[in-house]
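Colleague: Have a look at this one.
The values are calculated or read from the model by the stated rules, or taken from the named source; none is laboratory data. None of these values were measured; they are calculated from a predicted model. No Cβ is skipped: glycine too gets one built from the backbone with ideal geometry, and neighbour counts run over all protein chains shown.
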Amino acid sequence: MALTTELRSPPQLREVAGIPLQATTVDNWSQIQNFEAKPNDLLICTYPKSGTTWIQEIVDMIEQNGDVEKCQRAIIQHRHPFIEWARPPQPSGVEKAKAMPSPRTLRTHLPIQLLPPSFWENNCKFLYVARNAKDCMVSYYHFQRMNQMLPDPGTWEEYFESFTNGKVGWGSWFDHVKGWWEMKDRYQILFLFYEAIKKDPKHEIQKVMRFMGKNLDETVLDKIVQETSFEKMKENPMTNRSTVSKSILDQSISPFMRKGTVGDWKNHFTVAQNERFDKIYRKKMEGTSINFCMEL
Ligand SMILES: Nc1ncnc2c1ncn2[C@@H]1O[C@H](COP(=O)(O)O)[C@@H](OP(=O)(O)O)[C@H]1O
Ligand SMILES: CCc1ccc(OS(=O)(=O)O)cc1
């Protein structure tokens, strides 16, 4: 499939310990590593394009006891500081987190080995959402087409190589997911799957609620399910990134809330790419017990 994008001057990613990150994040690296977590912090962790915005809205709806108006107080990017975010002269994610009253909900895309050590030392709660690699790759490809702050993804064929080789922002999907999966029994980690939330949102939202130490009644849970549906979040200016300038996110290229489905990879992968990917997957994920659902 030959999907091409217009040429643009390439924003560069730089590496920290072999992981490509945005240059501004790398410039701010010592501040990020020295971040002081607090024991009652909740950290939302994802590989990019795994449903971060979705779980953020779910967590906020739970925190606000299902009060939609309270969740409209700010755009989602401002409600939960993104700890490795740096884009001077804006305040960095670390600065925003420092200014936030506790209990704080924060978010990150960092792999385990790059997480500021204070999160482990303080035994914080982590909420990890994983999404199957193929849909994640498709979503990330379209996101890089529209996100003018990230390198141009090239053609789909070229992106297939970049993604499988971990040459994308925040590194290898395989290492990221394996790393967090292996940590899940050693720390307070609730490990969720995008596909499971899609299949039975109420059940998964209930798990999140319990993990957060909350107890909401059925009516509130039903309301959270409704308000966090793809259709609602696509129309919601506080979640759909419509307030972000076109010079950063060009939604005429691809909307931020794009499809929100399981199995869109079938519309992108050729038979040959699928076979090759499955082979790479088996090799890279050998020995892990993690299982992904690829279609609903
Ligand atoms: N309420 C929701 N239900 C299902 N998918 C959602 C969703 N909100 C966002 N998404 C999807 O999650 C992906 C974005 O993830 P992130 O927030 O981590 O950047 C996009 O996937 P697609 O590009 O496949 O549509 C987006 O459409
Ligand atoms: C500006 C580049 C950028 C910003 C945010 C990203 O992650 S996320 O969309 O907020 O999850 C990725 C790249």
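Colleague: Checking ASN123 against (1) out of contact with any Phe, Trp or Tyr (no Cβ under 8 Å at 6 or more places or on another chain); (2) surrounded by fewer than 18 Cβ atoms within 10 Å (Cβ to Cβ), only one condition comes out false. Which one?
Modeller: (1)
Colleague: May I ask you to list pairs of residues, at least six apart or on different chains, whose Cβ atoms are under 7 Å apart, with the first in the stretch 78-98 being of a type in the set (S, T, N, Q) and the second being within 12 Å of ligand 2 (Cβ to nearest atom)?
Modeller: SER92/TRP85; SER92/ALA86
Colleague: From the list LYS214, LYS207, exactly one residue is within 22 Å of LEU106 (Cβ to Cβ), in a helix (DSSP H, G or I) and more than 16 Å from the chain's Cα centre (by Cα). Which is it?
Modeller: Going through LYS214, LYS207 in turn, the sole match is LYS207.
Colleague: Now a separate question. Of the residues that sit in the stretch 233-273 and are part of a helix (DSSP H, G or I) and surrounded by 15 or more Cβ atoms within 10 Å (Cβ to Cβ), which one is farthest from ligand 2 (Cβ to nearest atom)?
Modeller: Filtering the stretch 233-273 for residues that are part of a helix (DSSP H, G or I) and surrounded by 15 or more Cβ atoms within 10 Å (Cβ to Cβ), the one farthest from ligand 2 (Cβ to nearest atom) comes out as GLN273.
Colleague: Name every residue in the stretch 47-61 that is more than 20 Å from PRO255 (Cα to Cα) and either crowded, with 23+ Cβ neighbours inside 10 Å or within 15 Å of ligand 2 (Cβ to nearest atom) (or both), in order of residue number.
Modeller: ILE58, VAL59, MET61 - these are the residues of the stretch 47-61 that are more than 20 Å from PRO255 (Cα to Cα) and either crowded, with 23+ Cβ neighbours inside 10 Å or within 15 Å of ligand 2 (Cβ to nearest atom) (or both).
Colleague: Looking for whichever is free of Cβ contacts under 8 Å to residues at least 24 places away in the same chain, of a type outside the set (S, T, N, Q) and either crowded, with 23+ Cβ neighbours inside 10 Å or closer than 19 Å to TRP29 by Cβ (or both) here; the options are TYR128, TYR159. Which one fits?
Modeller: TYR159
Colleague: Continuing with the same structure: Consider LEU114 carefully, then state whether it is hydrophobic (A, V, I, L, M, F, W, C), farther than 16 Å from SER30 by Cα and in contact (Cβ under 8 Å) with a residue 40 or more places away in the chain.
Modeller: No, not satisfied.
Colleague: Would you mind telling me which numbered condition in (1) in contact (Cβ under 8 Å) with a residue 24 or more places away in the chain; (2) surrounded by 15 or more Cβ atoms within 10 Å (Cβ to Cβ); (3) away from ligand 2 (no atom under 15 Å from the Cβ) PRO103 fails?
Modeller: (2)
Colleague: GLN113 fails exactly one of the following numbered conditions: (1) within 16 Å of ligand 2 (Cβ to nearest atom); (2) surrounded by fewer than 16 Cβ atoms within 10 Å (Cβ to Cβ). What is the number of that condition?
Modeller: (1)
Colleague: Taking the stretch 184-200, which residues are in contact (Cβ under 8 Å) with a residue 40 or more places away in the chain and under 26 Å from LYS134 (Cα atoms)?
Modeller: Hits for the stretch 184-200 are LYS184, ILE189, LEU190, PHE191, LEU192, PHE193, TYR194, GLU195, ALA196, ILE197, LYS198, LYS199.
Colleague: Run down SER229, SER242 and say which single residue is within 11 Å of ligand 1 (Cβ to nearest atom), of a type in the set (Ser, Thr, Tyr) and at pLDDT 95 or above.
Modeller: Testing whether each residue is within 11 Å of ligand 1 (Cβ to nearest atom), of a type in the set (Ser, Thr, Tyr) and at pLDDT 95 or above leaves just SER229.
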